[in-house]
Structures are given as structure tokens and as C-alpha cells.
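Comments concern the structure below.
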Amino acid sequence: MTRELAGRGERILIVDDSPATLEVMSRNLTNQGYKVSTAPSVLEAIAFLDENEVDLVITDYMMPKISGLELMKHVRENVRDTEIIMITGYASVEGAVEAMKVGAEEYLSKPFTDEELFDAVRRALDKLAMKRATRSIPGQKPREQYGILGNSEAIRELRNLIAKVASTPATVLVTGESGTGKELVARAVHYSGNRSNKPFVPVNCGGIPESLLESELFGYVKGAFTGAGETRGGFFHTADGGTIFLDEVGEMSLTMQVKLLRVLQEREVTMLGSSRPQKVDIRIIAATNKDLPFLVQKGLFREDLYFRLNIITINTPPLRELGNDILLLTQVFTRKYAEEMGKVVPSYSDKALEILRDYHWPGNVRELQNTIQRLVVMSDGDSIQIPDLPSLMRFTVDRRGGVNRTLEEVEWEHILNVLASVDNNKSRAAEILGISRKTLHRKLNAMGRDGDEESDD
């Protein structure tokens, strides 16, 4: 008879005709946080699988009447979303090959250590999680998920924080590396709050020339400067009643910072060429990929403005910390671009998925999206394999180093490491590398990376 032991996490079924083996393995895996069940025979294991969902089956090879190999065949033909580990005291190359052919993810020879067992279980369950991530997209509407896809702990915490701050009037500072979706978070805060039916006005502070930023933000009256033929409101007027999103706020000059500070303090703006302030009802969300406390120390950002902006901070996690969410996004982008181009949605080999998941993604979601678009465009078949991935990515995943590398590969790796160290700020990276930004732009394009001259955030 099967018996279920108290536990949590992934569900494991152990099948072995040895009571001692069942007892030891059950205890050890339960202590690791798994929910463990046992069966002393193949028939009882099959009966259990008919009534229960299991993530992983660990089965002995040689058992009376019906072997573990037959159980493996049954699992592969009748059970969905379940991985298999074969264990045996009669190890042989032929047995291992046969087990792998039938569908075992791992093959362990007795006696094995606890750590060998734990490692095999982790690898098998990790592969299962990858398979699930690439085909399961959250069923909720994007609005219900704030338009943010993912099931990782970091993404769940991000959604929870958005829900908490959405209906408050507090100023929010969104921080994070380039390409992590800071504007997406800002939109989620706005459209989840009580201002959702009012304007959301995004402003790229780093993309507007300093000479124009004041008039763009605060507006101007007729005759304020040459060419001002009429009175025109600024972005703050447009956002009245809603939310203004100040992206790249760390790029503002100290002069503009003083003017922004007044808006935060008084909730009023003064149009260029006017002496009469106007009240505005707005929520301010700012974003930056800069280290603002460091800029404050250097005298490049006002401390009082930083404290005014930093009422609530939301940090957008880098892609490399999201684990299998990378694969979920991979599937979303793959389907999107395949449908746009009228192509069959390609699948990915397990190894290709591992490389995509384990790559460090210095450009974050933006880099992933660009990479997937290129893969879909260039793919000739219905499956994407390792050779289809960018050569730099295939190399970068292998961090073992060594001398069997071309000079070009070493240079590319160093460039990516420098970019990652400065949050993908291309101007700063070029300075560290001792090259011009134009040269860095050219090298990134040669790598197949997004080397455009647009803003870094």
C-alpha cells in the first residue's frame, strides 16, 4: 500500500521493493522539503498515479514481477508533466541507455550518496519547471496581473507592492537596471489606482534637450521666447488629475531639479514667461537606473529632491534573477513575433532553453525581446536549437574560461561584463573601455546586440 508522508513543495513518488530503501529515501527527501509518497511495487505505483498528481517518479530498475522499466513506459504513455529517475544496484551501460531511451531524466547507481540523490532530483524537477514555464501563460487578463508576466517570487513581490501603493497619493520612485520595465511598473501603479480614468503622461527627461525641458514640462505663455506665438500648457498641465511619469529623472540638471522640487512641495507649476503659479492635481512617479544616493554624495542630485521622490521605492528586478520566468517571456515573445510574421510558432530544445535561462541578460527584457525577434525571423524550421542562438550567448553561458577562445570572444565577453557592471549605461561603459561611444555602438551591433544610440533606460 502507498503511504504519504508530511511535506511541502514538489510531489515525489518513490517505488522500490526494499522497505529500508523506501524509508531512508522518504525521510531524506521529506527533510529537503518535498512531499513524498512511496509504493513497494509497480502495480501499486500505477494505482497511485491513477488517483494522484506527481511531479517526479523515482523507481528501482529490478523489481519482482514487473520491472521499473515497465513503470517508466507507463508513466511516459499515460501521465502528463512527470519526470523520472531510475535507480539500480545492477548498473550497466546498456541499462542506462535503455532507461534514457524510455524517458528517464536521471540514472543513479546504488550505492549513491544523499547529495547525489538531491542533485538528481533538483535537475529533474528543474527540467520539469522549464517545460511548464514555456507552455503555461497566466490565465488572468493583463490588467489583473498589472500587465506583468511571471510566477517567480520577485515578480509576485513586485505585484504585491504595486497593489499596496496603487491607490495612495504618495510619490513613487521606480529604480532598476535598463530594460527591466520601469515604465510598465509606473503604468501598473497608475491604472490600478483611483486615477486610472485620468491621463498617464510619460516624459523621458533624458531625451529632451535641457533648453526645451522646462517649457515642455511647465508650458509657456505667448511671447515667452522667440517663436512662442501662443500660450501652451506643459506635460504637468496635460497630466492634471492623473499621473506624470518622469523617466530618467537622474539626468535632470540641478536647475531643473529645483523647479521640480517646487512642484513636489507646492503642487503648482509656473509657466515659462509667467509669474502666476497654477495649482495641479497630479501624482508623480519618477524612475531612474542611476544610483541617486551616489549622485547626491557627488553633488549631482539634490538631497532634498531625492527625499521628496523617495517616499515609496519600487525596485524592478533584473531578468537574470527571474529564473524560469525568462522562459515564460521567451514563449510570449516567440508567439508574438511568429504570429506577426505568419510563421509557425517554433519550439526550443531543452538545452537552448537552459542557455536562454542561464544567460546573464545585461540588457534585461529589452535584450530578450530583441533576441527572440531575431531568432524567429532567422529560424528556417519549427524548432530552435543551440546553433541557432547568437554565438556570443552560447559562449557567455560557459563561464569556465580557458585559452581555447578567440580574441574576439574574449573582447565580447569583457564588453558585456563592463556593460553589466554599469547597468547597461553605454556612455559609462565606453569610458571604462577606453573607446568612443560610437565604437561601442559598432561593436554591439556586430555582436547582434542592440547598440542603438537611444536612451539607456
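The values are calculated or read from the model by the stated rules, or taken from the named source; none is laboratory data. Everything numeric here is computed off the predicted structure, so don't read it as measured data. Reconstructed Cβ throughout: ideal geometry from the backbone, glycine too, with neighbour counts over all protein chains shown.
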Which helices (runs of 4 or more DSSP H) does the range 205-315 wholly contain that include 2 or more residues that are in contact with a strand residue (DSSP E or B) (Cβ under 8 Å, 6 or more places away or on another chain)?
210-218, 235-238, 254-266
Go over the candidates I326, I282 one by one and state the one that is assigned by TED's automatic domain parsing to the domain that holds N204 and among the β-branched types (V, I, T).
I282
Does L213 satisfy the condition of being touching a Ser or Thr at 6+ places or on another chain (Cβ under 9 Å) and without any contact (Cβ under 8 Å) to a residue 60 or more places away in the chain?
yes
Does D423 satisfy being buried (at least 16 other Cβ atoms within 10 Å of the Cβ), outside the structural domain of E354 (by TED's automatic domain parsing), farther than 30 Å from S347 by Cα and at pLDDT below 75?
no
Being at pLDDT 90 or above, closer than 25 Å to I162 by Cα and not assigned by TED's automatic domain parsing to the domain that holds N424, is that true of even one residue in the range 217-230?
no
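For (1) touching a Lys or Arg at 6+ places or on another chain (Cβ under 6 Å); (2) closer than 28 Å to K164 by Cα, each residue gets a yes or a no:
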position: P293; (1), (2): no, yes
position: G299; (1), (2): no, no
position: L305; (1), (2): no, yes
position: R308; (1), (2): no, yes
position: I312; (1), (2): no, yes
position: L322; (1), (2): no, yes
position: Q331; (1), (2): no, no
position: V345; (1), (2): yes, no
Among the listed residues R76, R11, identify the single one that is modelled with pLDDT of 90 or more, surrounded by 13 or more Cβ atoms within 10 Å (Cβ to Cβ), under 25 Å from D350 (Cα atoms) and of a type outside the set (F, W, Y).
R11
Within the range 312-332, take every residue that is farther than 21 Å from R123 by Cβ and surrounded by fewer than 19 Cβ atoms within 10 Å (Cβ to Cβ) and give me the one that is modelled with the lowest pLDDT.
V332
Looking at S379, S383 in this structure, which one is touching a Pro at 6+ places or on another chain (Cβ under 9 Å), small (G, A, S) and either buried (at least 17 other Cβ atoms within 10 Å of the Cβ) or in contact (Cβ under 8 Å) with a residue 40 or more places away in the chain (or both)?
S379
